[in-house]
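This report refers to the structure that appears directly beneath it.
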Amino acid sequence: MYDVAIIGAGIAGCSIARELAKYRLSTVLIEKDYDVANGTTKANSAIVHAGYDAKPGSLKAKFNALGNPMFDSLCRDLDVPFKRIGSLVLAFNQEEVATLEKLKDQSIINGIPGVKLLNREEVRSIEPNVSDAAAGALYAPTGGIVGPWELAIAMAENAAENGVQVLLESPVTGIVKTQQGFRINMKGKTLEAKYIVNCAGIHADEVHDMVGEPYFRILARKGEYDVFDKSAGKLVSHVIFQCPNEKGKGVLVTPSVSGNLLIGPNAQDMDDRNDLSTTAEGLDFVRKSAAKSLKALPSGAVINNFAGLRARSDRDDFIIEESRSAEGFINVAGIESPGLTAAPAIAVHVAELLGEKIGGLVPNPDFNPHRTFTVFHELQDEEKNELVKKDSRYGRIICRCEWITEGEIIDCIKRKVGATTVDGVKRRVRPGYGRCQGGFCGPRVMEILARELGKDITEIRKDAEGSYILTGETKTVRLNDGGGSDV
Amino acid sequence: MYDFDIVVVGGGPAGLAAAIEAKNNGVDRILVIERDRELGGILQQCIHNGFGLQIFKEELTGPEYAERFILELQKKEIMYKTDTMAIHVSPDKLVTIMNAAEGISHIRAKAVILAMGCRERARGAINISGTRPAGVMTAGAAQRFVNMEGYMVGKEVVIFGSGDIGLIMARRMALEGAAVKMVVERKPYSAGLTRNIVQCLEDYDIPINYTHTIVGIKGRERLEGVVISKVDSKKRPIAGTEEFVSCDTLLLSVGLIPENELSEAAGVKLDPVTGGAVVNEAMETSVEGIFACGNVLHVHDLVDYVTLESRKAGKNAARYVKGLLEGEGTIIEIRAGSGIRYVVPHFVRLENLKDELELYMRCDDIYNDKKLIVKIDGKSVKEVYKRRLMPSEMERVKLDPKEVLRKAKGSITVEIEKEVQ
Amino acid sequence: MQKKEMICIVCPLGCQLEVAEDSRAEKGYKVDGNRCKRGTEYGIKEMSDPTRVVTSTVRLKGAYLRRLPVRSDGPVPKKLVFECMKRIAEAEVQAPVRMGDVIIENILDTGINIIASKSMQPLQPLTAISP
């Protein structure tokens, strides 16, 4: 019997798992997919929002304001890429300038420090590549960019290092209320827990309804993005938003922590909660909208595009509360933007909620908040040589676009909650995110995965079950095969 | 810190030929840096024949062509390091390398020859919408799996783009038992050589759909099919012509991009048309003493031309090291005129022009029965009649140095004869 | 009467040929659509006795790669290409191999050998690395 079972290992579930690891609790983190951070967390804008735009009084406003200042020490402790580069909201006419003034007032209500209005020249001087049509901007110094899946993976790993159990490929099929708590049925196994924290993202309503009376709904809203090569990564140095207007929130243009440029998203409500396909229309909209913010969009430098689904609740706010019908079942649902920013603060709040239920939490004296992660190419030459001397596999570069070594790839497979697939390796240490998109390093990564996991290379998958890459060996054309005799 | 006269970055056909030729021209301290486990570069996975007709007067496979040069390199006792990555080249020719045995080392070179080759354009760069399942990969990645590692990448294959690697892989997959359903090409003509259309597609009854593109990718975990569509004259999909083609594998052969990240770090000026360095008659880049040749300079279709071009780079790097290359003098610009996309080299320093001046170029469309005209300062000095000019086949024109030396003052232009009105 | 359309690949021109049986013609075939004499020769050869060089790989043991590239040392009749592939699929060699080594002699009684198109060194026995 676990004290707490967290269902869903996205940014919310992983944050809560790590937070609970600070206490003497037995916690299990249950994930339906082959890896953590595999839903909304792997496909979003990767922004740490300042917090001026959430509606005052909402949970979004509260946890955004609380979460944002936590990122410096959190990302330092976990060795996760985070840059507080500041954000700008561009206004293209006087009407929009007026909207910015309202947003500035809202920033005061929400308790967001340092927000100020910039005029045309001030915008130009800090962002020379922004469109000349920009009449002014709202500057928020506390806005930033982070590696969202890097953060979730780091928190899951740190939680596991501190005693949290992580169960992957374990879709929950049913939940039964018991005397002491809940029995959770998963594909092929079952476990019991006194409390459940539901962090199931776009499936949070389905998971809740397994044991409680339906009382909220989650809508999947798709957003599509383009990623540009690092050659475009320095085009802007802040997160560039557009002023919200009656047509919507506008799309953003931002550098990413990896040094690429990211544009997006559009917003499309989806019936199918599994549809992650990009569309020509969606990306066309994203490009046209993003082009408005810049003098010129470097269209030739696009190296990838992707789509993500955000989980929007029908309350138009986060839902962070005990279920109305299932005692001990805590919903953390509807965690759409600014969910990434809010997650660390939500985790603290959920620990408090559980503490009230349990009657106080006892700190775990052995909790180690630190997790180190070596990015080889960021080291000094002497440090690199020292590492290569210790382990020569750090001297062999596998991904030549992003300079990733065999040593780093092996390390990310061997860690707790380590990579088991090509995409898992890609998300942890980035081979395949560069210009060649895995053309050169893909086969080598598969070879390393097979060797380290003791599998045959044909068993190595791209991501989920069924995403096999190789279909068998060559040299299987046999003499008795028909066909093809007359070429 | 090591000291070498010439460091060659890349041990493929370009680097091998350049290193050997530099040695032949009297430079001894040469080091070739190769990131793979063996020399030979991409030739090692090109197991089909057709290499070497110009250089060896016979049809070799890629590995054979490579091995001849590797044996020559070894015979000439030229040093090389495999499994070693060049991670930086500075404008003053300090080369930083790394490998498992030594970690990071620095090499001071008198001259550097850039021969890093090219990479394939991937899915993101061509912007096909849809899902992101397994089973979509570049033709070159598939070629490595099939030919070197011995694994099949699929059973039912569609190939997007008619570049030569795509056509070669169509045949290769068919020969290993896969069903190759079609090649989809956006243009009305092939991006690959005619001979490959005949021997890789027609021989195996593989259809090629010209003026078509892929507008959708279907399948969640593994590819289940693609949606193809006809395109108009501006290569835009025509609504209503979509058709679903089931397949478990999509191989992309949609273009090659010279790999110039090291060149850029070294401050080398690039030509936006070729994606490679701007070079002079000596294959020397905008940075003195840094040379470039092969696919890192511009994408070739015949390895024989890579070898010829790289020998020139090797020879001139040797001249540079020995102080025989004239840095100053009369500079004549070489321009791509009407119908020509680019010409390499980009300019000539007349004082260095000892051998004949070879110009490599690609045209921008298909032309039949046309003259290729070389003009010096606006006056035609050479006209070559061509029955057919194709963007997929590189053209080469040789000019007599005496003629160039005598006549040139400002520029040389190559153009295709205009339509007679 | 047998008749076939084909693209000539002798030069980049790519003439659209039409080759037809014609008892009155010198070699028994009439070629149309070509713009040079080499086109006639190509058309007749493709019609009467088409051949291809076969390139493939065979299983390889004891080297760092699991496949060895091979080719036929001369052209084989086109209709035998798939049969050759099946024979090649059965072959297995052990490193070391030298470029040019005969892997399959006189394949399908064509008088043509399948030869190695690459030299392969045996894997060095692993020397223990002290931690």
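The values are calculated or read from the model by the stated rules, or taken from the named source; none is laboratory data. What you see is a predicted model, and the numbers here were worked out from it, not measured in a lab. Using ideal geometry, Cβ is built from the backbone for each residue, glycine included, and neighbour counts are taken over all protein chains shown. To get the accessible areas, we keep the full protein, side chains included, count just its heavy atoms, and leave off ligands, DNA and RNA. Shrake-Rupley method; radii C 1.70, N 1.55, O 1.52, S 1.80 Å.
Residues being free of Cβ contacts under 8 Å to residues at least 12 places away in the same chain and either under 17 Å from B:Arg335 (Cα atoms) or not in a loop (DSSP other than H, G, I, E, B) (or both): count how many of those fall in the range B:371-421.
Of the residues in that region, 3 qualify.
Identify, from the list C:Thr40, C:Thr55, C:Thr110, the residue that is farther than 26 Å from B:Leu43 by Cβ, out of contact with any Asp or Glu (no Cβ under 8 Å at 6 or more places or on another chain) and surrounded by 20 or more Cβ atoms within 10 Å (Cβ to Cβ).
When all the criteria are applied, what remains is C:Thr40.
For residues that are open to solvent by less than 10 Å² (accessible area, probe 1.4 Å) and part of a helix (DSSP H, G or I), scanning just the range A:282-310, find the one that is farthest from the other protein chains (Cβ to nearest Cβ).
Among them, the one singled out is A:Ser293.
Can you give me the number of residues within the range A:26-39 that are closer than 28 Å to A:Glu356 by Cβ and open to solvent by 40 Å² or more (accessible area, probe 1.4 Å)?
The number of residues fulfilling the criteria is 1.
Given the structure, is B:Arg29 over 30 Å from C:Ile114 (Cβ atoms), without any contact (Cβ under 8 Å) to a residue 60 or more places away in the chain and surrounded by fewer than 24 Cβ atoms within 10 Å (Cβ to Cβ)?
yes
Which ones in the range A:243-279 are open to solvent by 60 Å² or more (accessible area, probe 1.4 Å) and within 14 Å of chain B (Cβ to nearest Cβ)?
A:Gln268, A:Asp272, A:Asn274, A:Leu276
Is it true that A:Val176 is within 24 Å of A:Ser323 (Cα to Cα) and open to solvent by less than 40 Å² (accessible area, probe 1.4 Å)?
So A:Val176 does not fit the description; no.
Hey, which of the strands (runs of 3 or more DSSP E) in the range B:160-240, taking only ones fully inside, have at least 2 residues that are without any contact (Cβ under 8 Å) to a residue 24 or more places away in the chain and either within 14 Å of another protein chain (Cβ to nearest Cβ) or more than 23 Å from B:Asp364 (Cβ to Cβ) (or both)?
B:225-230
Identify all residues within the range B:89-141 that are within 12 Å of chain A (Cβ to nearest Cβ) and polar (S, T, N, Q); write none if there are none.
Those that are within 12 Å of chain A (Cβ to nearest Cβ) and polar (S, T, N, Q): B:Thr96, B:Asn99, B:Ser105, B:Asn127, B:Ser129, B:Thr131, B:Thr138.
Quick one: which of B:Phe51, B:Phe4 is open to solvent by less than 40 Å² (accessible area, probe 1.4 Å), modelled with pLDDT under 95 and either more than 12 Å from every other protein chain (Cβ to nearest Cβ) or within 20 Å of the chain's Cα centre (by Cα) (or both)?
Answer to the check: B:Phe51.
Quick grid of which residues meet (1) open to solvent by 10 Å² or more (accessible area, probe 1.4 Å); (2) outside the structural domain of B:Ile42 (by TED's automatic domain parsing):
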position: B:Gly294; (1), (2): no, no
position: B:Asp304; (1), (2): no, no
position: B:Lys312; (1), (2): yes, no
position: B:Lys315; (1), (2): yes, no
position: B:Tyr320; (1), (2): yes, no
position: B:Gly337; (1), (2): yes, yes
position: B:Pro345; (1), (2): no, yes
position: B:Arg349; (1), (2): yes, yes
position: B:Glu358; (1), (2): yes, yes
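Out of the helices (runs of 4 or more DSSP H) lying entirely within the range A:344-454, which hold 3 or more residues that are open to solvent by 40 Å² or more (accessible area, probe 1.4 Å)?
Per the criteria, A:381-390, A:442-453.
Which one of these is in contact with a strand residue (DSSP E or B) (Cβ under 6 Å, 6 or more places away or on another chain), at pLDDT below 95 and not assigned by TED's automatic domain parsing to the domain that holds B:Arg37: B:Val180, B:Val198, B:Val184, B:Val157?
Among B:Val180, B:Val198, B:Val184, B:Val157, only B:Val198 is in contact with a strand residue (DSSP E or B) (Cβ under 6 Å, 6 or more places away or on another chain), at pLDDT below 95 and not assigned by TED's automatic domain parsing to the domain that holds B:Arg37.
Yes or no, residue by residue, for (1) over 25 Å from the mean Cα position of the chain (by Cα); (2) open to solvent by 10 Å² or more (accessible area, probe 1.4 Å); (3) under 25 Å from C:Met85 (Cβ atoms); (4) of a type in the set (D, E, K, R):
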| residue | (1), (2), (3), (4) |
| --- | --- |
| B:Gly192 | no, no, yes, no |
| B:Cys200 | no, no, yes, no |
| B:Gly225 | yes, no, no, no |
| B:Lys234 | yes, yes, no, yes |
| B:Gly240 | yes, yes, no, no |
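Among the candidates A:Glu447, A:Glu408, A:Glu402, which residue alone is in contact with a Lys or Arg (Cβ under 6 Å, 6 or more places away or on another chain) and within 14 Å of another protein chain (Cβ to nearest Cβ)?
After ruling out the rest, the residue left standing is A:Glu402.
Return yes when B:Asp364 is open to solvent by 10 Å² or more (accessible area, probe 1.4 Å), at positive phi and either more than 14 Å from every other protein chain (Cβ to nearest Cβ) or within 24 Å of the chain's Cα centre (by Cα) (or both) and no when it is not.
no
Only one residue in B:Ala170, B:Ala134, B:Ala115 is assigned by TED's automatic domain parsing to the domain that holds B:Val9 and open to solvent by less than 20 Å² (accessible area, probe 1.4 Å). Which one?
Selected residue: B:Ala115, the only one of B:Ala170, B:Ala134, B:Ala115 that is assigned by TED's automatic domain parsing to the domain that holds B:Val9 and open to solvent by less than 20 Å² (accessible area, probe 1.4 Å).
With the structure loaded, tell me whether A:Ile47 is within 23 Å of A:Glu465 (Cβ to Cβ) and open to solvent by less than 20 Å² (accessible area, probe 1.4 Å) or whether it fails that test.
It is false that A:Ile47 is within 23 Å of A:Glu465 (Cβ to Cβ) and open to solvent by less than 20 Å² (accessible area, probe 1.4 Å).
Of the conditions (1) within 14 Å of B:Val9 (Cα to Cα); (2) open to solvent by less than 50 Å² (accessible area, probe 1.4 Å), B:Arg108 fails just one. Which one is it?
That leaves (2) as the condition not met.
Okay, residues lined up against (1) under 14 Å from the mean Cα position of the chain (by Cα); (2) under 17 Å from B:Tyr151 (Cβ atoms); (3) within 9 Å of chain B (Cβ to nearest Cβ):
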| residue | (1), (2), (3) |
| --- | --- |
| C:Gly62 | no, no, no |
| C:Pro75 | yes, no, no |
| C:Lys78 | yes, no, yes |
| C:Val81 | yes, no, yes |
| C:Ala95 | no, no, no |
| C:Arg98 | no, no, no |
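Got a number for residues in the range C:9-30 being of a type in the set (A, V, I, L, M, F, W, C), more than 14 Å from every other protein chain (Cβ to nearest Cβ) and either open to solvent by less than 20 Å² (accessible area, probe 1.4 Å) or within 25 Å of the chain's Cα centre (by Cα) (or both)?
1
Give the range B:242-260 a look and list any residue that's open to solvent by 10 Å² or more (accessible area, probe 1.4 Å) and among the hydroxyl-bearing types (Ser, Thr, Tyr), or say none.
Matches in the range B:242-260: B:Ser246, B:Ser253.
Considering only residues of the range B:54-69 that are touching a residue at least 40 places away in the same chain (Cβ under 8 Å) and more than 9 Å from chain C (Cβ to nearest Cβ), which is least open to solvent (accessible area, probe 1.4 Å)?
Looking at residues that are touching a residue at least 40 places away in the same chain (Cβ under 8 Å) and more than 9 Å from chain C (Cβ to nearest Cβ), I get B:Tyr65.
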